[in-house]
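Notes to accompany the following structure.
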Amino acid sequence: VQLQASGGGLVQSGGSLRLSCQASGSIWRIDFMAWYRRAPGKERELVARISKEGGTRYADSVKGRFTIFRDNAGNTLTLQMNSLKPEDTAVYYCNANQLFGATSWGQGTLVTVSS
């Protein structure tokens, strides 16, 4: 499975951005998908994840502001980010966990939130 992320950019505090991740290849293998982020000087953290059945989980820091969803075909993952804060500044990575233990990562897309 290959992942191509897009949608990052510069936005003012309180603004919105939408990140997309297009999956290709053996999509049928994908179990759940997720967005992670790595802020400068910090470790990578889980932002949100969604199962094949549509169940979601969010980091406490983004609950109520971010929404993760997948299209019915399961090959496009989206992260809608609202009410962005400077502390959301990070490189965001999409992730696909697959059957049989494999995992794929997108190339990362930079989100910068100015105060």
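Observations
- Normalised contact order of the chain, rounded percent, pairs of Cα under 8 Å and 6 or more residues apart: 37 percent
- Taking label points 7 Å from Cα along the Cα-to-Cβ direction, K42 and S83 give a separation of 1.7 nm.
- Eigenvalues of the alpha-carbon gyration tensor of region 28-78, scaled by 5 and square-rooted, set the equivalent ellipsoid semi-axes at 22, 13, 9 angstrom, largest first.
- Semi-axis lengths, largest first, of the ellipsoid equivalent to the chain are 24, 14, 12 Å, with √(5λ) applied to each eigenvalue of the Cα gyration tensor.
- Net charge in the neighbourhood of M33 (other residues with Cβ under 15 Å of its Cβ; Lys, Arg +1, Asp, Glu -1) is +3.
- Computed across region 9-56, the Kirkwood radius stands at 13.3 Å (inverse of mean 1/r, all Cα pairs).
- Q107-R18 pseudo-label distance in nm [points 7 Å out on the Cα-to-Cβ vector]: 2.2 nm
Read-outs: derived from the displayed coordinates by stated rules, not from any lab. Computed from a prediction, not measured in an experiment: that's the story for all the values here. All Cβ positions, glycine included, derive from the backbone under ideal geometry; neighbour counts span all protein chains shown.
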